[in-house]
Every structure is written in C-alpha cells, then in structure tokens.
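All remarks here apply to the structure that follows.
The values are calculated or read from the model by the stated rules, or taken from the named source; none is laboratory data. Quick caveat: nothing in here was measured; it's all calculated off a predicted structure. Positions of Cβ are backbone-derived with ideal geometry, glycine not excepted, and every protein chain shown enters the neighbour counts. Just the protein is used for accessible areas: all its heavy atoms, side chains included, with ligands, DNA and RNA removed. Shrake-Rupley method; radii C 1.70, N 1.55, O 1.52, S 1.80 Å.
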Amino acid sequence: FYDSMGGRGERVLANLRKYFADEHRNKKGTDIDLSDWEDVAWRPHTIPQQNNGSDCGVFMCQFASAIVRNIALNFTHHNMPYMRRRMVVEIMEKRLIDDFEETQDP
C-alpha cells in the first residue's frame, strides 16, 4: 500500500481484503482463503510524498511504473509537471518512455 498523502493504510488494506473476499464469494459462489496474504504498507518516510491534494493520480501512476520496472521511487513533488507531460506523451504515442531513471526534470 503506497499513500503519497502520508496515510498508514491499515483500514484500507482490511477493506480491500474484505471487498476481494466478498467479490469472490459473489462471482464464484465460494469463499476464498486469504490467510496467507500479507498486508504491506510503506511508511510515509520511505516513499515520495505529495504536497497538495491534486497530484495523487500522478503519484499513483509513478508508483506503479517504478514497481513494474523494478526501479527506485526516485521522484518528488517537484517532478510532477514533468511527470504529467511524460504521461501525456506515453498515452498519445502508446508507448512507455524509458528515461525514468535518467531524467527527473524539476
């Protein structure tokens, strides 16, 4: 669980687990055993934090991008204008830009 606004996530993770179990029961008609699932919530001091209420979607996309690329979360709220432009180019060109680690324009 990554929260760029500094939340700890315990209730969110419990609610997501309940939602997943309820959906499985509803769609499959059986219960699912989630006892071996581990909740992992990253603490605010270990991940980039936003300084406003409007960048959460960009932070979420950048967290996901870094995770699937297996690279460090090496951006800050100062990088958001660049990250927004970069996301537009990626969407318009239907491709990922591989300069994530190289270019972090402030």
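Solvent-accessible area assigned to carbon and sulfur over the range 12-91 amounts to 60 percent, based on a 1.4 Å probe. Note on Trp42 and Leu96: the model spin-label points, each 7 Å out from Cα along the C-beta direction, lie 1.5 nm apart. For Kirkwood radius over Cα pairs in Å, which listed value, (1) 17.9; (2) 15.9; (3) 15.1, comes from the coordinates shown? Checking each listed value against the structure points to (2). Scalar couplings 3J(HN,Hα) for the range 34-39, obtained by applying the Karplus form with A = 6.51, B = -1.76, C = 1.60 to θ = phi - 60°, are 9, 5, 8, 6, 10, 7 Hz; x denotes Gly and Pro. For the chain, the longest principal axis of the Cα atoms and the long axis of helix 56-69 meet at an angle of about 90 degrees.
Working out 0.36 nm times the residue gap between Leu16 and Asn70, then minus their Cα-Cα distance, what length gain in nm do you get to one decimal?
Working: separation 54, 0.36 × 54 = 19.44 nm, distance 2.41 nm.
Full extension of this stretch gives 17.0 nm more.
For the range 1-100, the solvent-accessible area with a 1.4 angstrom probe is 69 square angstrom per residue. Go ahead and collect, in residue order, the members of the range 44-85 whose backbone nitrogen is under 14 Å from a label point 7 Å along the Cα-Cβ direction of Phe1. Counting backbone N atoms under 14 Å from the label point, the list is 44.
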